[in-house]
Structure formats: structure tokens, C-alpha cells
Amino acid sequence: MKLEALLDAHGAELRRFVRAKGGQLLRRESEEDLVQGITLRALERANSYRDEGAAAFRAWIAAVARSYLADRANYWKAVRRKPGALLRLTSGGTGGVDPAATATGPSTFAARREHLELAMRALAALPPRDRDLVRWTSEDVPLEEQAKRLKIGYDAAKQARLRALGRFRKAFELATRGGPRRPLSS
């Protein structure tokens with residue numbers, strides 16, 4: 001059976017796996033986004049799959065899924081470790097939070113922590129490609145490299161990055177205006 005057909009046939013099982021193993025990721029990304037990411041990774045790694053029956057497929061897709069979920073968890077941990085660049089992107093260079101400000105004290109730290117939580121909520125609301133573009137921009141990945149990673153041309157990457165940053169700023173603005181405040185960390 002072709003890999004695409006197996007992925008379709010085992011879609012419900014993969015969703016159950018994500019619900020069971022997704023943990024804190026499900027607070028930041030939707031179940032469907034995680035399932036799609038796992039499916040995409042499985043298709044990218046199709047050459048490592050050997051059709052040796054249903055049990056072998058389940059073991060293979062579980063390994064792919066665990067790897068993908070671990071990578072997404074590491075991504076969110078990295079965002080929390082280096083929030084400064086992400087927070088600078090929320091203002092678009094027009095002011096706002098300056099995570100490098102020299103002010104200290106409990107209220108300053110609390111404000112920065114709140115802005116980071118809002119930025120992470122805004123980032124989580126974006127489609128996966130936009131999340132990647134925003135993250136790469138905050139990490140100063142050159143646009144040429146972003147285009148290469150996305151397998152698109154330089155001009156297309158430039159436009160995609162501008163749209164992603166615009167969506168991120170709008171999502172951040174919406175997050176700062178309201179909605180229920182629930183922490184993204186445990």
C-alpha cells in the first residue's frame with residue numbers, strides 16, 4: 001500500500017496519538033496542525049519507510065510522530081529562552097516592548113513576561129509556515145536561507161516574510177486587546 005494511503009487510513013489513530021502525547025504542545029498548536037506536520041514529515045521521510053505490514057507502519061509513524069513532537073517542543077522552549085528578538089518583532093520597529101531595556105524590578109519583569117506570553121500566543125495562532133518565517137526572522141536567518149528552506153525564490157520569500165510578520169503583529173495586537181488570559185506555561 002502506498003504511504004499516502006496508509007497515512008489516510010491511519011489518520012484517526014494519528015490524531016489519538018497526538019492527543020495522548022501532545023501534552024503542552026496542544027496549548028500552543030492545534031491538534032490538526034500537529035497531525036499535518038507529522039504527515040508532512042512522514043512524506044518527507046518516505047524513503048526510510050519499508051512496507052512490512054501494519055505493525056511496522058505503526059511503529060514507523062510513531063517514531064516519526066515522536067520526533068516531530070519533540071522538535072516542536074524544542075522550538076517553543078527556544079522561543080522562551082530568547083524572547084527579545086521575538087518581542088522586537090511585535091512592534092515592527094515602532095516602539096512597544098523593549099526587552100533589552102535596563103529597567104529592573106518585579107513589575108518590569110512581570111510586564112516582559114506578560115508580553116512574551118502574548119507574543120507566544122500570537123505566534124501559535126499563525127499557520128506553521130508563518131511561524132517558521134517569524135522565528136527565522138527573529139533568529140536573523142538570512143532571507144536567502146529562508147527561501148532555500150521554503151524551496152521558493154528570493155522575491156517570493158521576501159513577500160511571504162512580510163505577510164507573516166504582518167499577520168504576527170496583527171495577532172499580537174489582538175492578543176493584547178483582550179481574550180481570556182491563560183498562561184501558556186505550566
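With a requirement of 3 or more residues that are among the basic types (Lys, Arg) and at pLDDT 90 or above, the helices (runs of 4 or more DSSP H) lying completely within region 101-186 that satisfy it span 154-177.
Each row is one residue, and each column tells you yes or no for (1) modelled with pLDDT of 90 or more; (2) closer than 30 Å to Glu139 by Cβ; (3) out of contact with any His (no Cβ under 8 Å at 6 or more places or on another chain).
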position	(1), (2), (3)
Glu4	no, no, yes
Leu26	no, yes, yes
Ser30	no, yes, yes
Arg45	no, yes, yes
Ser48	no, yes, yes
Gly53	no, no, yes
Ala59	yes, no, yes
Arg72	no, yes, yes
Leu89	no, yes, yes
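Which pairs do you get when a residue that is over 16 Å from Tyr154 (Cα atoms), found in region 112-140, comes within reach of a residue that is surrounded by 18 or more Cβ atoms within 10 Å (Cβ to Cβ) and among the hydroxyl-bearing types (Ser, Thr, Tyr), reach meaning Cβ atoms under 6 angstrom, with the pair 6+ apart or on two chains? Listed pairs, sorted by first residue: Ala119/Thr90.
The values are calculated or read from the model by the stated rules, or taken from the named source; none is laboratory data. Treat the numbers as computed from the prediction; the structure is a model and nothing was measured. Virtual Cβ from ideal backbone geometry, glycine too; neighbours counted across all protein chains shown.
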